[in-house]
Amino acid sequence: MSGGSSRVSTALRYGGIGLLGGAVAGVVLGYATFEEDDDDWCFVACSRTEAGLAGAALFGFAGGATGVLSGMFFPAQRWRPAATPVAVSASPAAGGGVALHARLRF
């Protein structure tokens with residue numbers, strides 16, 4: 001049974017997923033694409049580790065923001081179990097065999 005939808009909880013959940021996924025992708029890309037420069041100064045990342053952290057920050061922010069926005073505009077349904085009014089049981093029948101019983105409650 002549907003429990004309704006919540007824009008806030010969906011936005012937070014999708015934002016967390018986007019943040020985590022973006023940070024992981026940023027670390028991998030920043031670390032893999034770093035090239036040592038022969039200049040004496042550096043602007044953002046002076047080492048492979050710093051390049052990975054910068055990528056994590058940039059892609060993590062972008063992924064988190066994308067997740068929050070998608071969760072706000074496309075809220076997910078929350079589902080909860082519903083009690084069924086039907087009960088089914090089986091028992092041995094006289095003369096061999098099985099008897100099935102069904103009960104419907106209102």
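The values are calculated or read from the model by the stated rules, or taken from the named source; none is laboratory data. Only a predicted model underlies this, so the values are computations on that prediction, with no experimental measurement involved. Neighbour counts are summed over all protein chains in view; Cβ atoms, including those assigned to glycine, are modelled from backbone coordinates with ideal geometry. Ligands, DNA and RNA are stripped out before the accessible areas are found, and what is left, the full protein with its side chains, is counted by its heavy atoms. Shrake-Rupley method; radii C 1.70, N 1.55, O 1.52, S 1.80 Å.
The table for this structure:
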item	result
Mean accessible surface per residue for the chain, computed with a 1.4 Å probe while every protein chain stays in place, in Å²	76
Furthest towards positive pole of dipole, ALA99, ALA65, GLN77, structure part the chain, Cβ charges	ALA99
12 Å beta-carbon shell around VAL86, net charge (K/R +1, D/E -1)	+2
Within the accessible area of the chain (1.4 Å probe), percent carbon and sulfur	67
GNM result for the chain, Cα springs below 10 Å: residue of ALA51, ALA25, ALA93 fluctuating most strongly	ALA93
Computed lengthening from SER47 to ALA99, 0.36 nm per intervening residue step minus Cα-Cα distance	11.2 nm
Cβ-based net charge around GLY71, under 14 Å, with every Lys or Arg adding one and every Asp or Glu removing one	+3
Computed label-point distance, nm, for sites ARG78 and SER9 using a 7 Å Cα→Cβ extension	0.2
Among GLY95, GLY64, GLY15: highest mean-square fluctuation, GNM of the chain, C-alpha pairs under 10 Å	GLY95
Gaussian network model of the chain, springs between alpha carbon atoms under 10 Å - residue of GLY21, GLY30, GLY96 with greatest fluctuation	GLY96
Crossing angle, helix 7-33 versus the chain [Cα axis fit, 0-90 degrees, rounded to tens]	40
Answer label, with Rg/Rh (Cα atoms, Kirkwood Rh) calculated from the coordinates and candidates [x] 1.02; [y] 1.51; [z] 0.96	[y]
Neighbour-limited loop hits for chymotrypsin sites (Phe, Trp or Tyr not before Pro), the range 2-72 (at most 10 other Cβ within 10 Å; DSSP other than H, G, I, E, B)	TRP41, PHE43
Net charge dipole size for the chain [Lys, Arg +1 and Asp, Glu -1 on Cβ; Debye, nearest 20]	1700
Neighbourhood net charge (11 Å Cβ-Cβ; Lys/Arg +1, Asp/Glu -1) for GLY30	0
Relative contact order (%) - the chain, alpha-carbon pairs under 8 angstrom, separation at least six	38
Value at 222 nm in deg cm²/dmol, rounded to 500, when DSSP H runs of n ≥ 4 in the chain each add -39,500 (n - 2.57)	-18000 deg cm²/dmol
Angle between the chain longest axis and helix 48-73 axis [Cα atoms, degrees, rounded to 10]	40
